[in-house]
Every structure is written in structure tokens, then in C-alpha cells.
1. Which condition number in (1) away from chain A (no Cβ under 13 Å); (2) surrounded by 21 or more Cβ atoms within 10 Å (Cβ to Cβ); (3) touching a residue at least 60 places away in the same chain (Cβ under 8 Å) is the one that B:THR132 fails?
2. Within the stretch A:113-131, can you find the residues that are assigned to a helix (DSSP H, G or I), farther than 24 Å from B:ILE71 by Cβ and in contact with a Leu (Cβ under 7 Å, 6 or more places away or on another chain)?
3. Among (1) more than 13 Å from chain A (Cβ to nearest Cβ); (2) modelled with pLDDT under 90; (3) part of a helix (DSSP H, G or I), there is one condition B:PRO168 misses while meeting the rest; what is its number?
4. Check off (1) closer than 23 Å to B:MET198 by Cβ; (2) over 16 Å from the mean Cα position of the chain (by Cα) for B:ASP45 and give me the number that stays unchecked.
5. What is the one condition in (1) within 39 Å of the chain's Cα centre (by Cα); (2) surrounded by fewer than 24 Cβ atoms within 10 Å (Cβ to Cβ); (3) polar (S, T, N, Q) that A:SER376 does not satisfy?
6. Has the stretch B:147-165 got at least one residue that is surrounded by fewer than 22 Cβ atoms within 10 Å (Cβ to Cβ), within 14 Å of chain A (Cβ to nearest Cβ), within 19 Å of the chain's Cα centre (by Cα) and not in a helix (DSSP H, G or I)?
7. Please determine whether any residue of the stretch A:575-598 is exposed (fewer than 13 other Cβ atoms within 10 Å of the Cβ) and of a type in the set (A, V, I, L, M, F, W, C).
8. Got a number for residues in the stretch A:383-423 being within 22 Å of A:GLY302 (Cα to Cα) and among the small types (Gly, Ala, Ser)?
Amino acid sequence: MTDATISGDASELASVREFLRGSLPFNELNDLELETALAAMRVSYHAHGERFSVESEHSGLRILRSGAVDIRDADNKLLDRLGEGESFSIAGLNADRGNVMALVIEDALIYRLPEAAYHSLRSANRGFDRYFSSQRSRRLRRAARYQPEPNAMLAPVSSVMTRDILTVSPELTVQQAARAMAERRVSSTFVLEGEELLGILTDRDLRTRVLAAGLNNQTLVRDVMTPNPESISAQESLFATTLLMTQRSFHHLPVLEDGRLAGVVTTSDLIVARKNDPVYLVQHISRQDSVEGIADLVSCMGHLMVEWVNGGMRAAQVSQILTAISDAVAVRLIQLAEADLGEAPAPWAWLGFGSQARGEQLLGADQDNGIVIADSVGDEDLHWYKALAEKVCDGLALCGYKYCPGGIMASNDLWRLPLARWKETVRSWTRTPTGDAVMRVSIFFDIRALYGDHRLAESIQALMLEAASSNSIFLAALAGNVLDNRPPLGVFRRFVVDRNGEHRDSLNIKKRGVLPVTEIARLHALAAKLPDVNTAARLQSLVSAGRMAMVDSRNLTDALHFIQGLRMDHQCGQIQRGEAVDNYINPRALPRLAKEQLRDAFTIIDEAQASVRQNYRAGMA
Amino acid sequence: MWRLKLRRWRWARRVELPAVIAAAWAAPLPLASSELRDVSFLICDAEMSGLDPAKAELLSMGWVRVEGLEIVMGSAEHRLIRNRRSVGQSATIHQLRDCELREADDITEVLSDFLQAAAGCVLVFHNARLDTAFLDRAAKQAFGTPLLLPTVDTLWLEQRLLQRQERPIGQGDLRLGACRDRYGLIHHSAHNALTDAMATAELLLAHVAKRGPGLRLRQLL
């Protein structure tokens, strides 16, 4: 082969090469392995209706270049539907269960890696092999749990250290050194002899080794300094630095660049470096004395979220933190209102419902709240709670938490009740459970006390669990609602296979992806009388209670985390572009890998819904 | 096939066959009654500096084999051909420039390799008439005979299919890209002899799949 041939080939097969490189698991291959795969590849075209089975003439791994294929088992049950870039091996599918076949449902151009080449690649490349030896759900888990993003704590210490440092000679007196330190307003100085770092002298050394020891001010620095101080290299991460300083109780740490003193890092430098730390934000919220002050602090939340996400924080953590912040805002507003109105006439609690109760808020969350008051309250005192509720709800709105369009707010007389009336309300929900009514009230079943007497909230919840778990009609109505929100497999799969793009519609990833999972978890948790409200916690407790298989619980958790992650990335992008935040994702715009993972997530939700249908609505339409 | 044999026999009487031609012709011809899965195809495309074989010359060739109705990716070849005259304005179509072609192989060498690959195969072109006119002319200059290999034309196949379906054939409907569109085949952005050969190969497979199983070679000729 001449040079001309090689360069010609390289450019020519480029499109095929690029296609493979973007397809799972060919993205795992190195250049040489990819070329080997490419050379062994066969291409064929299959009309709608053709099928592949174990009896088919050719075997190996088939990758769809275009078109679509259904994988069906011996009973013709649909196991999977594959689109562009996805692959299947009939022999592999049949190793798990017998008589699986693939049916072409839309004319398909298929690349085939013959069996021998397929196996030699699998034995040569572990990542490639792992893809096939593992389940679809495991692929998703890897995506949800492994996100190699840089973290702010991994930035080098040189990014926060102070370069402007005071150095002294070991032959100075402590008085001269102290005077120099006072002039520069620093609490420590480095003792240098030439380029060499001999020691460190701090305020504390002057106090304990000079003053307390009764030495005079003409004592030499050399005699009281801390010799051979610990130091850290400028490339070390903030994380390693913080660890070293906290473990050894250092307040100052010299930073060396190429073995020479380059700066110093102090504990306060490290705190400054963490000014975007949510803990810092929550603490500041709790110190504000006005609604405006709080509103001002939380106004930057969108940008903080972008920063956390870029810092590698995962979706579950971000929503946990955003909820903690909105909790802190509500609590501080309540405290400010209490300061105005005086002490509450009777014990009470501020209730959060829905995503706030579950600890799963993202940006743009509505208010969903209420108040429960101890039954000892007199009618003449109820106005106190009304005034408080109005102040807090208005304050929340000022801070960016929109009024609930359904009116589920403490300022609404319906949701500011003494305990006995709350219990009455709950009983009325479960007495005549119509589908519509159940849908309206299901949000109340995610309940948490944010402030006040938690026992009041707990006794409402206990009644809810009691009433719901024993009421199969109520559960069936709830299950009906769960099944109303089907994952958009239809739309999405059509998108996968439809080249002409009739369904360019974006999909509402909150409604079609997040809510179904939370609803499934809520339904099972109520049926099992579990007090957890957080979806991941519910899914975990369901396993401990023996109500859900470990694998199903994990799959649903991963699906939720993955979808929330997509939603979060989407919102971060909107914030960075200065757009309003929403939940509409265009699956066509997703990278191929994310697209496949989203499909996996929806498939898992679909399966979980199928099991809801079996368990709660057997025999019903 | 018998007509092809007759023409070969006439040429063999007229000139002394060089080894490459003799070897290519010695391979057994596929039977017209063969099932397509038993036929080896060599799908080819050539780029030229113009449309008139008397004035223009071959600049590059691409080919790829189809065995058992599967494209054998590893068999793909793309060859540039040393030109005698400048490519002139045609460079805007095929993107080949004089400086690249100056280093390329001689036409005789490329044709010899092509004939070796083609032995025992049915050639496939999209618009065979144009390519074979150039190839035969070049072969006559290099070896003294035309190629005289069994040939299938996807353009003609598509034309006949549309006619049979009684669909109107508009201008441009038979171009390679337009034919591929009818099968939902993806557009290739690059345009050279090998991409076009691959594109033609995919079109052949799609066409054959469309016409249903059990097709025989006779139905393509």
C-alpha cells in the first residue's frame, strides 16, 4: 500500500470511525483497537420485518448505523428497542435467556463485527468487555455515580496563599521582629537565612516562649522560633492543605515552590476560599435581620448552583443543599415574624410539603407549606398564626419562592389548622378516594416540620400512614395517578428512530422523569407505612422492609439521580446563558451517551410502573 | 454472460493478453442464476478531470467488496492516479489537486491492482456507462484490451424500479444522493471515489433488500 492509499483511507473511513468512536462501548477502544475493529467490520442493509436469531447465518456484534430494531423473547415480549448507535449480539442475548431474537422495525443499515473479531476485542480491552458482561442498569449506575469533575477543593494551594510575606533574620531580637510584624499587621513571620527557611515565629510563640517564660525583649529570634516548620508544596490541593492544617492544628503553613519559600497559607485563607460553601450561606441567612437581607443573599443562588455543579457536586447533594437553604430562609422569616408578633399563644409547627419535605428542591421551586397548631389553642388566638403565615409567605415570595398556584400555603385558611382539624381533613381524603382528589392531595403525604413542635407534624403523618396503608381503594387511586405519568418512551423512541424529526418537541423532564419516580416511591412507602419522605431514603427503607428488591431500588435511585443530574445541567446552562430556568429538555440535543442513559432511565421507570400496575391495580383498567 | 464471453474470445484472438487481463478473465464467471448472497461484488467509483473520455483522464479510484450481501470494510481501497494534464477547474468537484496527484501511482499500476481485486467479481457502478468508458479506454492503452467484466449499474436498477412503480422520474432523481434518500440512507459529507463507492455499495444492498429475498443475479443485469 502506498502513502497515497493510506492517507486516502484515513480521510475516507473517517465518518465510520467517528460514528464508532461515539458509540458505546467503542468509545473505550484505543486507536489501534478501533482500526482493527474497523477493518473487520461488515455492513449490511435489512428491510423492515427481517429478523435475526441464533439460527441466522452470521453472528457477532451488530451496531445500528441507522434504523431501529426490537429485541423480543420467545413469547414475543418486547425486551428492548434499539436505535442509531446501539448494538446487540444475538449470541450474547441468548446466553442469558433462550430464543431471543431481533426484529427490524425500521429499515436498518447495520455494521457487524464478526464473532471472532468481537471476542478478541473483548479479551483485549476490559472496558469494552465490561460493557457486555454487565446489565444495562449497571451502565446507568456508573454514569450516576462516577462524574470526574474537578472540585474546588482540588485547586492548588497556590491559588489562595498570600505571596506577600514578612521574613526576618534569625539574628534579630524578638522586639525587632515583633515591631516588624506589628507594622505589617501580620501574625507570623518566617525566619530565613539566605534562601533557607529556618523557622517560623508567630504571635503565639512571642506570647508563650517570650512573655510567659519571662525572657527579655533582646532575646534572639533564633532561640524562640519554631525550627524546621512543616511546609507544603504549592501544587498541593486545598483539600490536602486543609487536612494537614486541621490534623496538626496549624494556623500558618509555609508554601514552597521549587523548594523555596513562596508564600503562606492561613486558616482564614482556607475559609475565604470556601466562601461559596453552602454552610457559609446557610449561616449567613440565619444572621440576617430583614427580609431584604435574606433576599439579597439568596439572589445569587442560581450562580452558586452553577458553581457547585461545575465543582463536581452531584444532583442529590445539590437538591439537598438547595432545600437546606430554603429551610433556612423559611426558618429565619418565621423567627423575624415571631420577633414582631410576640410569642406564639400555643404550640405549633410550620409544615413543608412536596419537594421541600422530601429535600429534593431545585431552582424555581414553588411554596408548598402549612401550619399545624396544638388543639389547646383558643379561637381568639388564631389571628396570630394568620399574621405570621402572611408575613412568612410574602417573605418567601420576595426571596424568589413563588406563591403556590394551587394555594397550598400557610396563608390559606384551609392549610392553617389545629391538629384535630388536620386529622379530619386527612380522614376525608382517604374516605372517598377519587382519582382526581387523590392527585390533588398526594403532595401533602410528603410532609416535614421545618420549625416548631415536630410532634404535631409527626402525629399528622402517623395518621396519614395509618389511613393510607390500610385502604386499598386509596392506594389503587394513587397507583392510577402514578400510571398516568408514563415515561416518554414513545416520543423519545420515535425521536431515536425518526430521522425526519416530526417529534422535535422537548420533553418536560421533571414531569416525565422525576415525578414518576417520586410517585412510585411515595406509593410504596405509604403502603408499607414507612415514615421516610425523601425519595432515595424511601427506596432504601423499602428494601430493608422487604417491600422492594435491592436491584429495583438501586435502579430507581440511579434513574432519579441521572435524570435530576440532566435537569440540573440543563438549568445551569440556562443560568449561564441568562435565560429563565425551566425543565424542558430536547433529547435530540443530548450527547449520544446521555441519550442512551436517559433511555435506560426511562426504561427502568417503565418497568417500575408495570410492577405498580400488577401490585395495586390488578384486575383494573 | 455469453455475450461477454464472446467479446473476450474476440479480443483474445486479436491481441496477446497481458498476464493481469488473462488472470482476471481466467476466474470463473458467476452464473446468472446465482443467488445474490453467493455472488462477490466489487463496487467501484472513479473521479475524472472531465466528462469526455477522449479529453479528460482518471484521477482516482475507490473500491470495496461485497460478499454474502455484506460490505467487507477491510477491503476498501482508495487510490490516487498520477495525472498527465492539470486537473484544471475540475478540482472544485473532486477536491484533488495537481500537487497530490503528482506523487500518486501510475494508471497501469492502479488498474492492475483493480483487476486483481475484480477477479471473479461482478462490478457495480452508479452510472456505469461513464466510469466504464474511462476505465476501458485506460485499459486499452495499458493492456491493449477493454476490461470486459460483468457489470451492474445501480442507476439503471433504480430507474427501472421507479418505472415499474410507475413513479415519475424528475431531474436529479437518479443521482446517487437522491437514490440513497429514498432508502433513508445517511448523507456522506465527504465526496471522493471511495466514499462514493461505499455509498453505492450501501445503495445496492438497500435496493436488493427492498426487492425482497431470493433475488438472483439475472435480475440485476
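1. Only one criterion is unmet by B:THR132, namely (3).
2. Of everything in the stretch A:113-131, just one residue is assigned to a helix (DSSP H, G or I), farther than 24 Å from B:ILE71 by Cβ and in contact with a Leu (Cβ under 7 Å, 6 or more places away or on another chain), namely A:TYR131.
3. With respect to (1) more than 13 Å from chain A (Cβ to nearest Cβ); (2) modelled with pLDDT under 90; (3) part of a helix (DSSP H, G or I), B:PRO168 is out only on (3).
4. That leaves (2) as the condition not met.
5. So A:SER376 meets the others, but not (1).
6. Scanning the stretch B:147-165 turns up no residue that is surrounded by fewer than 22 Cβ atoms within 10 Å (Cβ to Cβ), within 14 Å of chain A (Cβ to nearest Cβ), within 19 Å of the chain's Cα centre (by Cα) and not in a helix (DSSP H, G or I).
7. Looking for residues that are exposed (fewer than 13 other Cβ atoms within 10 Å of the Cβ) and of a type in the set (A, V, I, L, M, F, W, C), one finds at least one in the stretch A:575-598, hence yes.
8. 3
The values are calculated or read from the model by the stated rules, or taken from the named source; none is laboratory data. For clarity, every value in this text was computed on a predicted model and none was experimentally measured. Note: ideal-geometry Cβ built from the backbone for every residue, glycine included; neighbour counts use all protein chains shown.
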